[in-house]
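First comes the structure, then the notes that go with it.
Nothing in this text is a laboratory measurement; each read-out follows from the coordinates by a stated rule. All values derive from a computational prediction rather than experimental measurement. All Cβ positions, glycine included, derive from the backbone under ideal geometry; neighbour counts span all protein chains shown.
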Amino acid sequence: MASRSGQSSRSNQSAANDRCDQTKYPGIAYTTYYVNSIQRSNANMAGCFGFTWASSVHTLFFSDPVTQPLFDEWVEYRTYLKGVIGRNKEFKVDGPKLFERYRDPRLEAVLDAPGPPKIGAGDLIRKHNIVILGVLWFVHQLVKRKRYLFPRSRVAPGSDGRDRVVLLDPYDLLHGWKLLSRKMYNLEERDGPSAPATPPTWCDCELHHIAAVVTDAMVEETGEVSDETDVADDEKDVNYETESVVYTTEEMSLGSDNASDPPLSKKEGKKRKEKMSKEKKKQEKQRKGKEKERDKEGEENIWDQSYNLKLFGEPSEEPETPQENIWDTDDCNELFGITPKKDGADK
């Protein structure tokens, strides 16, 4: 009995991971599993931003003159945060809480400030919310400095002449947060073969299937190739056992919100990837089937006689117009110079 209960629980969890979760991440059409695993590879992050190759994410971290200084500042800020919340405490960004607070108008002054939030810099900044405020501040900086990566959001000059984010889109919030998290897997610059971008995995519910088609078009169709520059397992990842990564694993466990769960092994990760690929193909097939059914149901035969009678009414009878005989014998004789024989001429 207990075994059946366990199987049922795992089955329910798997089904939930294949759907979007509008209670935690409103406006996001990715599957729950994908949301929890975006930060696990540069290939995933590349797919979110419409890059062709995972190496483009590596460039943002180490070569881009605009974003590299910001990510270096982010790493330093994480050290400050650990000192605030306690070095022995688990560092975890509460994703649902992030989505609850990011449009709070009371936070505008904190998020528009020239520097990241710190204790004592304002009445709103407290120990219990500084992690959320810090992540939001850095996401705002990314949106302002790399607008083409966050096209859904709006930036405008503020009263002080500095740019400010006037509208932060939920997808840009998610991508920015996960990119900051991914940086903590890339603390040391490493050379190695890159991999194609991995497109996002979308929920197949009716609410989102159109958005999935549009956004997937941003990324070229890619194969399932492992990215050697990404975190595969604790043996290959030179950053894995360092303190900075141990306390920055946000929702690393696939299908779980518990950041303390260990990452999947390379073999398990490969199996999960294959499962995701099969599920995506299945979802796409189901979506196309539903579209065909809708088209078939909504299609009206424009040549249907009864439909045309209702639309145009009964046809009216037109009077016959006498047709001129173009083969009139006299006209033809005159045209071609033929002299008709008279009756009895050969007799």
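Annotations
- Modelled label positions at K281 and D163, each set 7 Å beyond Cα in the direction of Cβ, lie 4.2 nm from each other.
- Per-residue Cβ neighbour rank within 10 angstrom, fewest leading, D123, D18, D104: D123, D104, D18
- With neighbours defined as other Cβ atoms within 10 Å of a residue's Cβ, the residues D72, D204 order from fewest to most as D72, D204.
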